[in-house]
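Structure below; questions to follow.
None of the figures in this text is laboratory data; all of them are computed from the coordinates on show. If you're wondering where the values come from, they're calculated on a predicted model, not measured in any experiment. Glycine gets a Cβ as well: all are built from the backbone with ideal geometry, and neighbour counts include every protein chain shown.
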Amino acid sequence: MSGDAQGYGRLNGEGGTSANSPTHVNDPMSTNNPSNAPACRPVSSCDVEAEQEWMRAQATQFAPSQWMRGLTAFPLTPLTGDRIDEIALIRLVSRLVEAAVDSIAVLGSTGSYAYLDRSERRRVVHTAVQHARGIPVIAGVGALRTSQVLACADDAQRAGASALLLAPVSYQPLTEDEVFTLFQTVDAATDLPIIVYDNPGTTHFEFSLELYGRLAALPRVSAVKIPPVPLDADDPAGTSAARAHVAAIREAVGPETLIAVSGDPTAAAGLLAGCDAWHSVVGGVLPGQAMQLTRAAQSGDAEAALRASDALHPLWDLYASAGGSVRVVAAAAEVLGVVAPHCLPLPVKGLSPEDREQLAQYLATL
């Protein structure tokens, strides 16, 4: 457990930033447009900004079909005192860099995007990009109004994000044509690749295969993030139903559009069934374990991938009992000392004391 438990006090009074320091550390408006990144790597090791610009330029020169594969880790957006705790966010991102995840996605559901205003979102993207050390950063831009989505997309591009993650957020139920028009509008307004975020548990919108196909035809739509794949209890590997499901989506979107599975408990099955990437909640706090599962599946080692998933099964059980994953990974980050206690945006609260103790006992075994 010691490898994952970098104590919270380490950057708050123990040889690092003072506990009285403000939790915001950088001005997001100081970020240069990544299109102006230098063509040659800076010589001076002190030129941190230029070095990061150069690394982002190297990362994003490759097609999304290359860097969007594998593990996309979704870190929390930790709060303290109802403000973004950027020191803790930097710590989370740094752990992902150390684990060499394939990409980092901020402002997903795990990143509490729906609870943050525009300036807070801008600061999260900026902070993640500045500390990702060249790993591509995907920014969630879902919002209720199209104008708000466009503003967030523009902010993300200016901050140096490598792609956008867009969910059809709504209060009034949306039609398929309304959702298509949303994506069409954003597609025409951005230079970044777009990932379709299908999360009916939060948006209450169900994508059809036909809509997947229409969206995949848009020039900048590069991937779809799908809900958990179905499992077949009669299949020892649990992948026959998943394979049929992924094959149907692949037929709808075509070979050029990537498919990313979400829903951590079915990640191994989804990857083994042909998904190109895992958009992982647990990967945001336990990236080493998530990378082990991902690389096993990518190499075709079904036994190792399913074994890695089984090792995380206590977390999957807690996901179910806690009504979702975010409370569990937030508590895990707190137990590991990566973030301060009570890091979720109110009125969302953490795990019950009983579940938290169960989680702590499990984490101690890692």
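Please report HIS204, HIS126 as a ranked list, fewest other C-beta atoms within 10 angstrom at the top and most at the bottom.
HIS204, HIS126
What ranking do TRP316, TRP67 get, fewest neighbouring Cβ atoms within 10 angstrom at the top? Before the final figure, lay out each step's value.
Working: TRP316 18, TRP67 21.
Ascending number of Cβ neighbours within 10 Å: TRP316, TRP67.
To two decimal places, what compactness ratio does segment 132-274 give when its Cα radius of gyration is scaled by 2.2 N^0.38 Å?
On the way: Rg = 15.5 Å, N = 143, 2.2 N^0.38 = 14.5 Å.
Normalised Rg, Cα atoms only: 1.07.
Now a separate question. Would you compute, for the Cα atoms of segment 243-366, the largest minus smallest coordinate along each principal axis and list the three values in descending order, in whole Å?
45, 31, 23
Between the DSSP loop rule and a limit of at most 11 other Cβ atoms within 10 Å, which trypsin sites (Lys or Arg not before Pro) in segment 120-182 are left?
The qualifying sites are ARG145.
In segment 112-217, what GluC sites (Glu not before Pro) fall in a loop by DSSP, with at most 15 other Cβ atoms inside 10 Å?
Here the sparse-neighbourhood loop sites are GLU206.
At a 10 Å Cβ-Cβ cut-off, how would you order GLU256, GLU86, fewest neighbours first?
Fewest-to-most ranking of GLU256, GLU86: GLU256, GLU86.
Continuing with this model, one more query. Show log10 I(q)/I(0) for segment 312-362 at q = 0.15, 0.16 Å⁻¹, two decimals, from a solvent-free Debye sum over equal Cα scatterers.
Evaluating at q = 0.15, 0.16 Å⁻¹ gives log10 I(q)/I(0) of -0.33, -0.38.
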